[in-house]
Amino acid sequence: LGSSPDGAEQTVIRYRAADGSLEFDRDQSSTWPEALGGVSRARYPRPPSGLIELTVILDHSLAEVFVGDTVVLTERIYPQRPDSDLVRLAAIGAPVTLTRLDGWRLDPASG
């Protein structure tokens, strides 16, 4: 999420079904030299249904990932490029079925 077309800026959210781990990788989230990178991790064992519900909220520099109703990871990402607004999905190692994808673009709050 928050990816530029060339991938120079991107925040990667990985779910590894084999060990039930969720990763929030900020190592390429920003081209700003003072931005902190790093990887946050949480455990979320794959449910018997195999369905994993992710809710991602991105508000420019704040990104939150909710998994089901039990896990949340919140991080600052500080994208610098105006074109860092892409969301990309990929499955590696096993087929995945995307059953639903909703997206909303909110207008900035006026003050």
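None of the figures in this text is laboratory data; all of them are computed from the coordinates on show. Computed from a predicted model, the values in this text were never measured in an experiment. Don't worry about glycine lacking a Cβ; one is built from the backbone with ideal geometry, like all the others, and counts go over all protein chains shown.
So the values come out like this:
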item: Flag for residue 43 being of a type in the set (Lys, Arg) and in contact with a Gly (Cβ under 6 Å, 6 or more places away or on another chain); result: yes
item: Residues being among the basic types (Lys, Arg) and within 16 Å of residue 25 (Cα to Cα) - total across segment 46-86; result: 1
